[in-house]
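Written out below as structure tokens is the structure these notes cover.
The values are calculated or read from the model by the stated rules, or taken from the named source; none is laboratory data. Since the model is a prediction, treat every value here as computed from it, not as a measurement. Reconstructed Cβ throughout: ideal geometry from the backbone, glycine too, with neighbour counts over all protein chains shown. All accessible areas refer to the heavy atoms of the entire protein, side chains included, with ligands and DNA or RNA removed. Shrake-Rupley method; radii C 1.70, N 1.55, O 1.52, S 1.80 Å.
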Amino acid sequence: QVQLVESGGGLVQPGGSLRLSCAASGSIFSAYFRGWYRQAPGKERELVARISSGGVTTYADAVKGRFTISRDNAKNTVYLQMNSLKAGDTAVYYCNIICNIGNFWGQGPQVTVSS
């Protein structure tokens, strides 16, 4: 099994920044993709950003130029730096890992962008 522990959510004003962290533990031999998804009330879960084992990054159009995904392999941790936050970014953000033993999700920190 894989455990994903997330941190960094909270309340921020429009234009502000937050950084989410997701530390993975468990029997991970190879992580193929690590990413962040989000789900706003009444909407489906959507991809925000992900990074492949080779370091290739993918972003949703809505966050390009504002969000940055990165990872620290030594800490088995992936980060999402979110800048210039907007009200439309308000959602529960879920960490995801696709690895040699399956597809796993974190519990999801709430990110609320409001004045």
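Side notes on the structure shown:
- Residue in the stretch 43-62 that is over 16 Å from the mean Cα position of the chain (by Cα), at pLDDT 95 or above, surrounded by 12 or more Cβ atoms within 10 Å (Cβ to Cβ) and in a strand (DSSP E or B) present: no
- Restricting the stretch 77-95 to residues that are open to solvent by 50 Å² or more (accessible area, probe 1.4 Å) and over 14 Å from the mean Cα position of the chain (by Cα), the residue that is farthest from THR112 (Cα to Cα): SER84
- Any chance LYS64 is touching a residue at least 40 places away in the same chain (Cβ under 8 Å), out of contact with any Pro (no Cβ under 6 Å at 6 or more places or on another chain) and at negative phi: no
- Scope the stretch 1-28; condition more than 10 Å from the chain's Cα centre (by Cα) and either basic (Lys, Arg) or over 16 Å from ASN96 (Cα atoms) (or both); matching residues: GLY10, LEU11, VAL12, GLN13, PRO14, GLY15, GLY16, SER17, LEU18
- In the stretch 18-45, the residues that are under 14 Å from VAL111 (Cβ atoms) form Cβ pairs under 8 Å with partners that are open to solvent by less than 60 Å² (accessible area, probe 1.4 Å) and among the acidic types (Asp, Glu), at six or more places apart or across chains, as follows: LEU20/GLU6; SER21/GLU6; CYS22/GLU6; ARG38/ASP89.
- Yes/no for SER70 being at pLDDT below 95 and hydroxyl-bearing (Ser, Thr, Tyr): no
- Residues being open to solvent by 40 Å² or more (accessible area, probe 1.4 Å) and within 14 Å of TYR37 (Cα to Cα) - total across the stretch 96-111: 5
- Some residue of the stretch 22-34 being out of contact with any helix residue (DSSP H, G or I) (no Cβ under 8 Å at 6 or more places or on another chain), open to solvent by 30 Å² or more (accessible area, probe 1.4 Å) and among the basic types (Lys, Arg): no
- Of the criteria (1) exposed (fewer than 13 other Cβ atoms within 10 Å of the Cβ); (2) under 13 Å from the mean Cα position of the chain (by Cα), which one ASN73 fails: (2)
- Among the residues of the stretch 1-17, just one is hydrophobic (A, V, I, L, M, F, W, C), closer than 12 Å to GLY108 by Cα and open to solvent by 30 Å² or more (accessible area, probe 1.4 Å), namely VAL5.
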